[in-house]
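Every read-out reported here was derived from the displayed coordinates using simple, explicitly stated rules and does not represent laboratory data. Here the structure is a predicted model, which is why all the values come from computation and not from measurement. Glycine also receives a Cβ, built like all others from the backbone with ideal geometry; neighbour counts cover every protein chain displayed.
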Amino acid sequence: MERKRLCPACRSTYSTLETLDRQTMTVVKADTRQVPFDENRIFQSVNQATDNWHSPDQVRALVRAVTDQLFGSAGAVSVRSAEIGEAVAAHLKILNPVSHIRFALAFVGRLDHRGDGMQDARAFRRWMLREYPHLERLSPAAGLSSVYKIRSGSRQRFDREKLKSSALIAYKGRGAAQEVDRLASDATNAVMRSLGGQPLVTTGQIAAEMMRYLRSRDDIAYLRYASAAKQFSTENDYDAEAISLANERREYATRTRAR
């Protein structure tokens, strides 16, 4: 950093360029241990907590800003680890709200976090309203409303009929038309119940719940659905899945007879 200085002898002003001596900088942990300050650890923590949301250059710039803020302002050589977390969170809030929240869940969401941590969803909600007061005025989505498509990275409205259509394909020919329609409706309703009141789910979640339901009821319907959901690409994929199902049924029959 650049500092303006005054020569006591000639009263002239001049500038000095100062850098932090990282070898003398330390971090005081929650248990009072002192460890050397390491910018790489902050870099890794931010990347991990935000799921690599930002480019390496953005994260490095953030780390430098945090370092200068904590150690440069008052010439400090030691800071508490909590101060680092708070400074990172403050910078992330400016950079991107989603990253800020993700980091807070990792930092404030620790059970050993001192102060007002996040013990459950209610505590998290209180934190959200403190950090983002405008959310108080918004009405949360009621029930399942959106689906995140993992492959394309897009978000779409949840379509119950589309989900039922996939179940109809899986159950096709597994009974009379009316029975197949009932089976598909039951599967769709079961998947929606299993996802609870989550307003946003991924396609992966939906597929996993549908496979769980079909696997417990109809081997062929399950294999049809799983082959698409798991993207079977060889005959070995089908054979391995069939062996798994057969073993599962055999073990269940054995347990039933033993009762």
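Using modelled backbone amide H atoms (1.01 Å from N, in-plane), which distant-in-sequence or interchain residues come within less than 5 Å of T202's amide H?
Y148
Between A90 and D31, what is the label-to-label distance in nm when each label sits 7 Å out along the Cα-to-Cβ direction?
2.9
What residues from region 203-223 fall in the zone where the backbone N is under 20 Å from a label point 7 Å along the Cα-to-C-beta line of S152?
Answer for this model: 203-208.
Under 17 Å from a point placed 7 Å out from the Cα of E179 along the Cα-to-Cβ direction: which residues of region 201-236 have their backbone N that close?
Residues 217-222 qualify, since their backbone N sits under 17 Å from the label point.
Compute the FRET efficiency between E235 and S165 as 1/(1 + (r/R0)^6), taking r as their Cβ-Cβ distance and R0 = 25 Å, and round to the nearest 0.05. Walk me through the numbers before you get to the answer.
On the way: r = 27 Å, r/R0 = 1.08.
Step by step, r from the Cβ atoms, then E = 0.40.
Could you work out how much longer the chain between S12 and S78 gets when fully extended? Use 0.36 nm per residue separation minus the Cα distance between them, nm to one decimal. Walk me through the numbers before you get to the answer.
Numbers: separation 66, 0.36 × 66 = 23.76 nm, distance 3.33 nm.
Result: 20.4 nm gained on full extension.
Say R0 is 51 Å: what FRET efficiency, to the nearest 0.05, do I243 and R130 get from their beta-carbon distance? Don't skip to the answer; put the middle values down first.
Working: r = 54 Å, r/R0 = 1.05.
Rounded to the nearest 0.05, the efficiency is 0.40.
Could you list, in their original order, any pairs among K93/K162; K93/K164; K172/K230; K93/K230 whose Cα atoms are separated by more than 30 Å? Don't skip to the answer; put the middle values down first.
Numbers: K93/K162 37 Å; K93/K164 40 Å; K172/K230 19 Å; K93/K230 38 Å.
K93/K162; K93/K164; K93/K230, as the Cα separations exceed 30 Å there.
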